[in-house]
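Below is one structure, written out as structure tokens, with a few remarks after it.
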Amino acid sequence: MTSANSPLSGKVALVTGASSGIGEATAAALAAAGAKVAVAARRIDRLATLSSRIEKAGGTAFAIEADIAKGGDVAAMVDRAASEWGRLDILVNNAGVMLLAPTAEADLDDWRRMIELNLVGLMGTTKAALPHLKASKGHVVNVSSVAGRVANPGASGYAATKFGVVAFSESLRREVYADKVRVTVIEPGLVRTELGDHITNQEFKAGLEHRLATMEALTAEDIANAILYAVSQPPRVNINEILIRPTDQER
Ligand SMILES: NC(=O)c1ccc[n+]([C@@H]2O[C@H](COP(=O)([O-])OP(=O)(O)OC[C@H]3O[C@@H](n4cnc5c(N)ncnc54)[C@H](OP(=O)(O)O)[C@@H]3O)[C@@H](O)[C@H]2O)c1
């Protein structure tokens, strides 16, 4: 049960990609810390289950069905989140896909899918949220990746989107710091989630499964804890970047 003393009491958050993995864990963590949480993704049944789990634990949540790779959906999603409780304080841009393949074999549609969701969707969601975040002196959290700092073979398309998220976030930070809006980039290493399920290149899919079988990966809750840390700091503290690898991961 949350109370007026909970660290995020009175705050409203929107978490994208909340139907599984890091987004789901983050929504639960922010709600447990007292925020009212709007959870968005395409799988509305999973969002409904998450919302009722949050409500049963004494939190407040509601679900928004949205395809963030479709331009029109993002403004409507942000409007719904902000109008439900009359404000928006925290935007967690987490929805993403990772379709690994060597450049020579890459499917152009896979690249387009990653760019439309990981980059254009995140940018459009941020743009739509900015008026609300300026009004609340709010916080944008963008989930990039270690692949936004280290570009490995087979990740050319994915890394291009995640380097893009890092660049977008730094430019944004410098545009909005004077409005007291904070911007944080989260850069996880390997986390055990459903992310690899969508890889169509069998060699890279098997490679990821092998890594997950042979190392102790992070959990979605490890990343949710880092996000909670960033958004729970006093207003003077702007955590710009957190890169988190599993202890077992070299690069
Ligand atoms: N797992 C890792 O090792 C790792 C490492 C570094 C960074 N990351 C990043 O962490 C973020 C979350 O990934 P995850 O690992 O938690 O994977 P995940 O379990 O597959 O979660 C991805 C989320 O994105 C949502 N999503 C996918 N396409 C969407 C669309 N078109 N519109 C709206 N939502 C969409 C999915 O929901 P629906 O399918 O229901 O729409 C799901 O909720 C991603 O940005 C990923 O790049 C993950």
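Of the residues making up the range 159-180, not a single one is assigned to a loop (DSSP other than H, G, I, E, B) and within 13 Å of the ligand (Cβ to nearest atom).
This table checks each residue for (1) among the charged types (D, E, K, R); (2) at pLDDT below 95; (3) surrounded by 23 or more Cβ atoms within 10 Å (Cβ to Cβ).
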{"position": "ASN5", "(1), (2), (3)": "no, yes, no"}
{"position": "GLY10", "(1), (2), (3)": "no, no, no"}
{"position": "ALA13", "(1), (2), (3)": "no, no, yes"}
{"position": "GLY17", "(1), (2), (3)": "no, no, yes"}
{"position": "GLY23", "(1), (2), (3)": "no, no, yes"}
{"position": "ALA27", "(1), (2), (3)": "no, no, yes"}
{"position": "ALA31", "(1), (2), (3)": "no, no, yes"}
{"position": "VAL39", "(1), (2), (3)": "no, no, yes"}
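Would you mind stating whether GLY196 is in contact with an Asp or Glu (Cβ under 9 Å, 6 or more places away or on another chain), free of Cβ contacts under 8 Å to residues at least 60 places away in the same chain and either of a type outside the set (Asp, Glu) or crowded, with 17+ Cβ neighbours inside 10 Å (or both)? So GLY196 fails the test.
Filtering the range 130-155 to residues that are away from the ligand (no atom under 15 Å from the Cβ), small (Gly, Ala, Ser) and either surrounded by fewer than 17 Cβ atoms within 10 Å (Cβ to Cβ) or in a helix (DSSP H, G or I) (or both) leaves ALA135, SER136.
Checked against (1) crowded, with 20+ Cβ neighbours inside 10 Å; (2) out of contact with any strand residue (DSSP E or B) (no Cβ under 9 Å at 6 or more places or on another chain), THR103 meets all criteria but (1).
Checked against the criteria, THR219 does not count as in contact with a helix residue (DSSP H, G or I) (Cβ under 9 Å, 6 or more places away or on another chain), within 13 Å of the ligand (Cβ to nearest atom), within 16 Å of THR126 (Cβ to Cβ) and among the hydroxyl-bearing types (Ser, Thr, Tyr). One residue alone among SER145, SER171, SER83, SER156 is over 28 Å from GLY34 (Cβ atoms) and without any contact (Cβ under 8 Å) to a residue 24 or more places away in the chain, and that residue is SER171. Residues in the range 156-175 that are buried (at least 19 other Cβ atoms within 10 Å of the Cβ) and among the β-branched types (Val, Ile, Thr): THR161, VAL165. Of the helices (runs of 4 or more DSSP H) contained entirely in the range 11-129, those carrying at least 2 residues that are within 12 Å of the ligand (Cβ to nearest atom) and within 30 Å of SER156 (Cα to Cα) fall at 21-32, 71-85, 108-114.
The values are calculated or read from the model by the stated rules, or taken from the named source; none is laboratory data. Not measured: the values here are computed from a predicted model. Glycine gets a Cβ as well: all are built from the backbone with ideal geometry, and neighbour counts include every protein chain shown.
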